[in-house]
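One structure below.
None of the figures in this text is laboratory data; all of them are computed from the coordinates on show. Note that the structure is a prediction, hence the values are computed from the model and not measured. Don't worry about glycine lacking a Cβ; one is built from the backbone with ideal geometry, like all the others, and counts go over all protein chains shown.
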Amino acid sequence: MTNLFISNGLLRGKSVDILVSGSTIVSVKPHGETTAPEDTEVVDASGLIVFPSFYDCHVHLREPGYEYKEDIESGLSAAAHGGFGGVLAMANTNPTNDAASVTESMLQKAQQTWPNGPYLYPIGAATIGLKGKELAPMGELAEAGCVAISNDGMPVGGAEMFRHCMEYAATFGLTIIDHCEDPTLAKDCHMNEGTVSEAIGVKGQPVVAESMQVARDILLAEYLNLPVHLAHISCKQSVDLIRWAKSRGVKVTAETCPHYLILTDEILKGYSTAAKVNPPLRSEEDRLAMKEAVKDGTIDIFVTDHAPHADHEKEHPIEGAPNGISGMDSAVALTWTQVQDGTITEDEFIKLWAEKPAEIFKLPLNTFAEGDIADFFLFDPNEEWKLTEDAMYSKGKNTPFLNSTLKGRVKAHWLGGTRVV
Amino acid sequence: MSQEKHFIWPHKDLLDVSQLSLEEVSHLLDTAEQFHEINQRPVKKVPTLKGKSVVLFFAEPSTRTKTSFDVAGKRLSADTFSLSSSSSSLTKGESLKDTALTLEAMNPDVIVLRHKANGASQFIAERLDCAVVNAGDGCHAHPTQAILDNFTLRRAWNNEYAGRTLLILGDVRHSRVARSNINLLTRQGVKVRLCAPRTLLPHTVHNWPVEIYHDLTKAVEGVDAVMCLRLQLERQQAGLLPELSEYARMFCLTGNHMEMAKEGAKILHPGPMNRGLEIASDLADCNESRVLNQVSAGVATRMAILYLHATRKDKGA
């Protein structure tokens, strides 16, 4: 049994010493009150914040099928270095994760490459091949280890089919995550519809492509009295609807990504394919509304929508480049800006990245109580670093933040008491 | 049959079990017991309904129910006439109303109707003077099935319903069998559980006097009987279910499940069965299976139903 003593870390604003034995937390005491027992590894965490390991509930790890973009090993490496103890991986692999055999092989690969974590929590497809026609065998997927159901990337367009997906998933206690996008309004769009798209001539996706489906999902969730989780929300109309739904008691939860809080479609003026993402970066009004929704709790969780692509795929005119931003390496630092600018508190930051994800998807959570799983990382809130390609552990270097200077960095990471970073 | 002389059946038609008081159900089942005895005799025919005519109007495919009514009528010496959708003028574009009026003009005593339209039996019952027996209308009701199931359960349970627990397993959303059974059994004091994927349960099922399960291993715990429903294969094409192998994995009743039920718990199925899909093949044939008893119960109870409806006028009703 190995012991670990984290000395003088900042936990929710207080200087503490944390004693870990084996895989669990033994005690958290004010700094200096206790000393490390013998045979204990002591880590000086002076000036560093201690966070429970975060969850990224929306990633694309590309394996099986697109290992040239990312694989489970590199994806989990990015997770570990990014501060994530668990990631929920979407089903748009090849083959699609619509059968227990695919789920099992993904879990096996994660166990082989990162046996101590970060942990992979697969998300099963809602429909076979993500085609929106035939329900996936969700009971089998749940048994194999899927923790949620989603047709992310290929949203279920038909309302009746989506209803069936919600009802069938509920049979097995699974929450359905919907990528809200009306397939007709979003067809052949490459950025947000607005002054920028109309200035540069690119066909834009209107915000209603998202918000209409948000409204549909909310109304269905209320009618069926079932939960629905809304993926990567990006615009004002959507958060207004979600706020309204929550006030009515609808079982709706929602996520957003760092880029919707920081960037707008202005960045697309130079046809930057690194900033091409779906849903697209929206207007300044939308960005401010997203920040407000994070602040007031309308948005429940942060996610990255980590969508790595190979360089050669993004090196095209904008119409030919795929959507997606590689996000896990930078997300914690990028969202830390929201604490720095006063949008949210540090406690809310923990809620958005750890507590609410654990609650929504029924995942284990370290609350630093005695016996809790020793999943935590040390974060230097002041370190400034450059997000170079070499600083990224993901294979996908496709991010509009590449070569920017970020503030705040993960310095060390333990999962189940074992150091992974 | 002496006791019937004092009991005038108060209903012109049998549209659903909801119209029957428990006393009437009990009387009907007692009558069926007497016919059941006749069915065990070497000569299985009595002259009770001699000279009466029964029209079997089945506008939806049916073998079991139609044959059951046919046998029931003939055992009582009634003349039975069959009309199916393919042979009837319905295929020539005649409305249900006109077909029914045409039939009535031939003065039958009872019309037995199976129709895909909900409320079809009520529709013609309101327009005709003869007795109408609903042999299944859409997803609405199947009273004669509920009565034969009740006859089967009454025998298995020694006429004691109260405190018993019955699990109905399968596609309740589209099942007229389930609706009629739930109505009758809950009134008799039976605790009814339903188990199905949520896509195969009615939207407002939480308002029904039943307990809902999605996990079959929990649903069968301690039950006195399980009634499996037939899964219509088109439910999958309609997007309500994934591949059928998952349905079989999650919702097929097996011997392992029955070990969780009460000892001696009975298994019912209205037929025709999809062996290996909603019921394991060996269970269908096991000692506790009442599937074939349901078939013979069907003849006896339908004899009682035809008798009570065809003779009520003769008794001064």
Review point. How long is the gain from A:GLU67 to A:SER101 if the chain were fully straight, where each residue apart is worth 0.36 nm and the alpha carbon distance is subtracted?
Key: 10.4 nm
Check your understanding: What nm distance separates the two modelled labels at A:ASN94 and A:LEU402, each placed 7 Å from Cα along Cα→Cβ?
Key -> 2.2
Study note, to complete from the structure: Yeah, segment B:130-192 with a ≥ b ≥ c from its alpha-carbon gyration tensor (a/c under 1.5 is rounded, else prolate when a/b outruns b/c, oblate otherwise) is oblate
Practice item. Give the cross-link partners of B:LYS116 among the aspartates and glutamates, using a straight C-alpha distance below 12 Å as the criterion and excluding same-chain residues fewer than 8 apart. Key: B:GLU60, B:ASP137
Point to revise | Pairs of alpha carbons in the protein assembly as shown whose separation is greater than 36 Å (percent) | key: 54
Exercise for review: Report the paramagnetic label zone for A:GLU319: residues of segment A:154-196 whose backbone N is under 17 Å from a point 7 Å from Cα along the Cα-to-Cβ axis.
Suggested key: A:186-193
Practice item. Any of A:LYS187/A:LYS386; B:LYS44/B:LYS92; B:LYS97/B:LYS266; B:LYS44/B:LYS262; A:LYS69/A:LYS203 with alpha carbons more than 31 Å apart? Name them for me. Key: A:LYS187/A:LYS386; B:LYS44/B:LYS92; B:LYS97/B:LYS266; B:LYS44/B:LYS262
Check your understanding: For B:GLN237 and A:LYS269, FRET efficiency with R0 = 51 Å and r from the beta-carbon atoms, rounded to 0.05?
Key -> 0.55
Check your understanding: Extension gain A:ASP39-A:LYS362, at 0.36 nm per residue separation less the Cα-Cα distance, in nm?
Key -> 112.7 nm
Review point. So what's the angle, to the nearest 10 degrees on a 0 to 90 scale, between helix A:72-82 and the longest Cα principal axis of chain A?
Key: 60
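Work through the residues other than A:ILE6 whose Cβ is under 12 Å from its Cβ and net out their charges, Lys, Arg +1 and Asp, Glu -1.
0
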Point to revise | Equivalent ellipsoid semi-axes, segment A:167-266, via Cα gyration tensor eigenvalues times 5, rooted, Å | key: 28, 14, 12
Check your understanding: If you project the alpha carbons of segment A:54-361 onto the principal axes, what extent comes out on each, in Å, largest first?
Key -> 49, 44, 40
**Study point:** Packing-based ranking, highest mean first, of B:186-195, B:128-137 given that Cβ atoms within 10 Å are counted
**Key:** B:128-137, B:186-195
Exercise for review: Would you please give the residues with an amide H less than 5 Å from that of A:HIS58, counting only those at least 5 places away or on a separate chain, with H modeled from the backbone geometry?
Suggested key: A:LEU88, A:THR304, A:ASP305
Practice item. Among B:HIS11, B:GLY222, B:MET258, pick out the residue whose Cα is farthest towards the positive end of the charge dipole of chain B, where Lys and Arg carry +1 and Asp and Glu carry -1 on C-beta, about the Cα centre. Key: B:HIS11
Revision key, fill the gap. Quotient of Cα radius of gyration and Kirkwood radius for segment B:158-312, i.e. Rg/Rh, equals 0.97
Exercise for review: Rounding to the nearest 20 debye, state how big the charge dipole of segment B:143-290 is about its Cα centre with +1 on each Lys and Arg Cβ and -1 on each Asp and Glu Cβ.
Suggested key: 540
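Need one word for segment B:87-196: rounded, prolate or oblate. Basis is the Cα gyration tensor (sqrt eigenvalues a ≥ b ≥ c); a/c below 1.5 gives rounded, then a/b vs b/c decides. Let's see the in-between values first.
On the way: a/c = 3.43, a/b = 2.08, b/c = 1.65.
It comes out prolate by the Cα gyration axes.
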Check your understanding: Based on the Kirkwood radius over alpha-carbon pairs, what value in µm²/s does the Stokes-Einstein equation return for the translational diffusion coefficient of chain B at 4 °C and 1.567 mPa s?
Key -> 64
Review point. Out of B:GLU221, B:GLU60, B:GLU126, any idea which swings most in a Gaussian network model of chain B, alpha carbons joined below 10 Å?
Key: B:GLU126
Practice item. Compute the length gained on full extension between B:LYS44 and B:ASP79: take 0.36 nm times their separation in residues and subtract their Cα-Cα distance, giving the result in nm to one decimal. Key: 11.0 nm
Check your understanding: Nearest 20 debye, what's the magnitude of the dipole of the protein assembly as shown about its Cα centre given +1 on Lys and Arg Cβ and -1 on Asp and Glu Cβ?
Key -> 3800
Study note, to complete from the structure: Amide H contacts under 5 Å for A:LYS411, restricted to residues at least 5 apart in sequence or on another chain and with H modeled in the peptide plane, are A:LEU378, A:PHE379, A:ASP380
Point to revise | Loop GluC sites (Glu not before Pro), segment A:17-70 (other Cβ atoms within 10 Å of the site Cβ: 10 or fewer; DSSP) | key: A:GLU33, A:GLU38
Review point. Relative to the longest principal Cα axis of chain A, at what angle does helix A:100-113 sit, 0 to 90 degrees, rounded to 10?
Key: 40
Review point. For segment A:242-359, what is Rg from Cα atoms divided by 2.2 N^0.38 Å, rounded to two decimals?
Key: 1.13
Check your understanding: Taking amide hydrogens as modeled 1.01 Å from N in the peptide plane, which residues meet the under 5 Å criterion relative to B:MET227, leaving out close sequence neighbours?
Key -> B:LEU167, B:ILE168, B:LEU169, B:LEU268
**Study point:** Cα Rg over Rh - segment A:234-308, Kirkwood
**Key:** 1.00
Exercise for review: For segment A:288-351, just the Cα atoms, rotate onto the principal axes and tell me the three extents in Å, largest first.
Suggested key: 40, 23, 19
Review point. At what distance in nm do the modelled label points of A:LEU219 and A:THR113 sit from each other, each positioned 7 Å from its Cα along Cα→Cβ?
Key: 4.3
Practice item. Net charge near A:ALA321: determine it from the other residues with C-beta under 9 Å of the C-beta of A:ALA321, scoring Lys and Arg +1 and Asp and Glu -1. Key: -1
